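In what follows, a structure is listed as structure tokens, so that the remarks can point back to it.
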Amino acid sequence: PAQCAALRKHFRVFKAISAHDDATVYRGAVDAMIVDGPDPGSGYRWDPAGWNRPLHSPVIVAGGLCPSNVADVIKQLRPDGVDVASGVEKDGQPSSTLIASFVREARQVGI
């Protein structure tokens, strides 16, 4: 948190954390939280049941999102944004079709 706060004096800081981490320690030290699964960056979806959204900063949800589940995740968690990478890839490459589908599904429920 101290490093984030120091950087925030010069830059906007988005901190990626696991959904299981204590986000409250970053209160006032970051501009937004990117909440991912227990293994951030793995592309695996996490179970949001019981997750308490940190109310002190905008929240971007990541972790295993794809066109078929992004609307449900948005409805359940009401994040300020969503993050996707492997969920819109086909054969390891970004797919414009999957990206368009992902965006369409997210926009239909309010992001």
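Per-structure values
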read-out	value
Efficiency of FRET from Cβ geometry, A2 and E89, R₀ 35 Å, rounded to 0.05	0.45
Solvent-accessible area per residue, Å², over the stretch 1-99 with all protein chains present [probe radius 1.4 Å]	60 Å²
Accessible surface of the chain [probe 1.4 Å, protein heavy atoms]: carbon and sulfur percent	50 percent
Relative contact order, percent, the chain [alpha-carbon distance under 8 Å, six or more residues apart]	20 percent
Computed lengthening from F11 to S42, 0.36 nm per intervening residue step minus Cα-Cα distance	8.5 nm
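The values are calculated or read from the model by the stated rules, or taken from the named source; none is laboratory data. Keep in mind it's a predicted model, so treat the numbers as computed, not measured. Neighbour counts run over all protein chains shown; Cβ positions are idealised from the backbone, glycine included. The protein model used for the area step is the full one, side chains on, heavy atoms only, and it has no ligands, DNA or RNA in it. Shrake-Rupley method; radii C 1.70, N 1.55, O 1.52, S 1.80 Å.
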